[in-house]
Amino acid sequence: MKTEQKILITATVPVLKENGVLLTKYFYNRMFTHHPELRNMFNMGNQQSGKQQTALAMAVLAYAEHIADPTVLIPVVDRIGQKHISLDIRPEHYIIVGRHLIASIQEVLGDAASPEIVDAWTAAYNQLAALMSGHEANLYEQQTNRTNGWTGWRPFKVGKKMLESAEITSFYLYPADGGKVTPHQPGQFISVRLFLPQLNLKQARQYSVSSAPGNEYYRISVKKEKGTNLDTDGMISNRLHDFINENDIVDLTAPAGNFTLAPDIDAPVTLISGGVGITPLLSMLNSLVESDYSHPITWLHGCRDESVHAFRNQLNDIVKTKTNVQQHVFYNQATDENKDAGVLEGFLDINKVPSLNLRPDAHYFICGPSVFIQKQYHDLVDAGVNKQHIYFEEFGPQLLSLN
């Protein structure tokens, strides 16, 4: 990009702060009108809630603010890229997006969109698309180079369906072709694609792999959503619960995501989960246990009550047999029997665990609802934990910016 174009992009930052979401809403409506087939690729639940429009507006604003040196956004590029490869997004999709994004800028800004500004944003988008698609090409290459690796959608058979709590059911997914799978990194997710009759669309949803890495199957543990006005995510989760049974076929992409347990980690580990956020952390815990990890492992989990506490017996068995693993559980509503067993009542609060040792050299992994993540993150920082040792996974479009 030319220096003059970068200056023009920087000058549009106030406009993006004021009207970014308006622009992205217009953009998505325009693109889906011209390319209705893309509704099968984008999460329509996130479209309905406005999360996707907000996430895109934040990403465009961050890019404009750092147009002088976009390389500082590499962590964001990687996070978005991981989502993109899990949805099988390819370079040709960037061409479509770019065409409608530039047209939206012209149509929303009207006379304020001078030819110079349009040219600057065209150059800026092309630079961003090259950065994103180039990074994603490397991620696709890494996937194919892994043992039993693949890219794109692959049919899997439900080998087993198991109830884990009143709300969560596990699905053991095996390749329909009888082959092997690439072992995931603990904490990663896979995309599951189903046809939703309610929308007459195919929709994909990311689910964390809840089992330890292996080459035979992936296990996902899915929460059934309640209520009469479910968004698309709830429709997909509930369709898995209500209509997908053993021996049925679903489409999957290979594991992706950078919320992972480093293979060379050599320090105490603390895992903090809320509700169904237990799933990626359970994969991490199982992996550590199977490798006879010698450092202390602390597990903290919060949920409504015992009936929705998934994997409770398995976790209790691990604590009993592994002297380096300790557990602290919070129920919003705890019975006297729960309290006698050591369960704490209320929302998960690290400040209410007197025996909790927040080691300065430990690594902390958080997963749960956004409000839950924010509280745990800020409580850890207030307790003196190094921000660089705190990792979190936000389900859905990335809206939190804490580090």
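The distance between label points at residue 304 and residue 349 comes to 2.2 nm (points 7 Å beyond Cα on the Cα→Cβ vector).
When both bridge partners sit in the chain, DSSP labels roughly 55% of those beta bridges antiparallel.
Computed from label points 7 Å out along Cα-Cβ, the spacing between residue 177 and residue 49 is 3.4 nm.
A simple charge model with +1 on the Cβ of Lys and Arg, -1 on the Cβ of Asp and Glu and nothing else charged puts the dipole of the range 269-393 at about 220 debye relative to its Cα centre.
Rounded to the nearest 20 debye, the dipole magnitude of the chain is 560 debye, with +1 charges on Lys and Arg beta carbons, -1 on Asp and Glu beta carbons, and the Cα centre as origin.
Give the residues of the range 347-365 whose amide nitrogen is closer than 18 Å to a point set 7 Å from the Cα of residue 324 in the direction of its Cβ. 357-365, by backbone N distance to the label point. Distance between the 7 Å Cα→Cβ label points at residue 358 and residue 114: 5.1 nm. Measuring r between the beta carbons of residue 225 and residue 163 and using R0 = 22 Å, the FRET efficiency lands at 0.90. Starting from the Cα of residue 265, step 7 Å toward the Cβ, then list every residue of the range 351-379 with an amide N under 13 Å from that point. It comes to 362-367, nothing else.
Within the listed set 173, 252, 23, the residue fluctuating most in the Gaussian network model of the chain (springs between alpha-carbon atoms under 10 angstrom) is 23. FRET efficiency for the residue 33 to residue 291 pair, using the beta carbon distance and R₀ = 56 Å, is estimated at 0.60. Count Lys and Arg as plus one, Asp and Glu as minus one, and take only other residues whose Cβ is under 11 Å from that of residue 267; the net charge is then -2. Straightening the chain between residue 74 and residue 216 buys 47.8 nm, computed as 0.36 nm per residue apart minus the Cα-Cα spacing.
On the basis of the beta-carbon distance and an R0 of 51 Å, residue 138 and residue 332 show a calculated FRET efficiency of 0.70.
A short reminder: the numbers here are calculations on the coordinates, not readings from a lab. Values in this document were obtained by computation on a predicted structure and should not be read as measured data. Counting neighbours? That spans all protein chains shown, and the Cβs are built from the backbone with ideal geometry, glycine included.
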